[in-house]
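Below is one structure, written out as structure tokens; comments come after it.
The values are calculated or read from the model by the stated rules, or taken from the named source; none is laboratory data. All figures in this text were calculated on a predicted structure; none of them were measured in a lab. Heads up, the Cβs are rebuilt from the backbone with ideal geometry, glycines too, and the neighbour counts pull from every protein chain shown. Protein only, heavy atoms only, side chains kept; ligands, DNA and RNA dropped before computing areas. Shrake-Rupley method; radii C 1.70, N 1.55, O 1.52, S 1.80 Å.
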Amino acid sequence: EKIPDMIWRTRSRSFDLSSRALIMGIVNVTPDSFSDGGSFLDPRAACKQGLKLVEEGADILDIGGESTRPGAEPVSAEEEIRRVIPVIRAIRSQTRALLSIDTMKASVARAALEAGADIINDVTGLRGDPQMPALAAEFRAGVVIMHMQGTPRSMQSAPTYDDVVAEVGEFFRHSLERAVASGLNPMSIALDPGIGFGKTPAHNLALLAGLKSFASLGRPLLIGVSRKSLLGHLANSSAMEDRLWPGVALTALCRERGARIFRVHEAKPH
């Protein structure tokens, strides 16, 4: 389905997403991410994983040094920088693929942008660090604004909404207004409903069913369901390997419903 002129501007390149979509491959440089914690903590292993994802078709690599899984403990900015910057430098020297920094701290985002990143992916939707909007504007970075209820440590304790689709839509509208007031180009912004971030399985399914209601905002939608517990819930299985194909199916479904960026652990099947 072609959407009229859906341009996404990142720091180094612009994309017309009206008739194509992008794969964002996940590179977790953390000891405690829920599905691959510690696997890529060594910068060489993380760099190798990133290049493999690009080879398999990822357009963007999302590099993060702080786990945002439910119950995760915060990490200091210094530690986060120590984890991600060597990885960003190494990957940047070997590929033109877009690099995204997955962080809620402006100091980490600045170091990443200085090392060659193109996009800021902020799970707090630019609300966590007051410096973040101005930083994104200064570097003309692409920005992903995600919706989360609560914080990673607390978000899954008892998420409640009267109408999750309407409330996330309202959050997106306010966030776009705030971002533009901070000097961000609206064309640089993508929106992520934050599947699994302060949502029950029922909330997640309602959001996936209601994706078309966000089309009026005119910004690319990013969907991240890869390996999340929602997929285990749908597959009625606790095995991580049983989450791959339901995730691929959701990529296809959400693509049809207008989503344009897919954050995944395995680039090729998606």
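Largest mean-square fluctuation among Gly50, Gly116, Gly210, in a Gaussian network model of the chain whose springs join Cα atoms under 10 Å apart, belongs to Gly210.
With the charge dipole of the chain set up from +1 on Lys and Arg Cβ and -1 on Asp and Glu Cβ about the Cα centre, the Cα lying farthest toward the positive end among the listed residues Ser76, Ala141, Ser226 is that of Ala141. Compute the distribution of all C-alpha to C-alpha distances in the stretch 83-222, in bins of 10 Å from 0, and list the percent of pairs in each, rounded to whole numbers. Binned Cα distances yield the sequence 12, 40, 33, 14, 1. Think of the chain as a dipole: +1 on every Lys or Arg Cβ, -1 on every Asp or Glu Cβ, centred on the Cα centre; then among Met24, Ser213, Gly169, Met24 lies furthest on the positive end.
Annotation: per residue accessible area for the stretch 32-115 equals 43 Å², rounded to a whole number [probe 1.4 Å, protein chains only]. Computed over all pairs of different Cα atoms, the Kirkwood value for the hydrodynamic radius of the stretch 50-130 is 12.9 Å.
If you bin the C-alpha pair distances of the chain every 10 Å from 0, what whole percents do you get? Calculated over all Cα pairs of the chain, the distribution is 7, 32, 41, 19, 1 percent. Computed from phi, the 3J(HN,Hα) profile of the stretch 250-258 under the Karplus parametrisation 6.51, -1.76, 1.60 (θ = phi - 60°) reads 5, 4, 4, 5, 5, 4, 5, 8, x Hz, with x in place of Gly and Pro. Rounded to the nearest 20 debye, the dipole magnitude of the chain is 540 debye, with +1 charges on Lys and Arg beta carbons, -1 on Asp and Glu beta carbons, and the Cα centre as origin.
Per-residue SASA remark: Val180, around 70 Å² accessible (1.4 Å probe; ligands, DNA and RNA not included).
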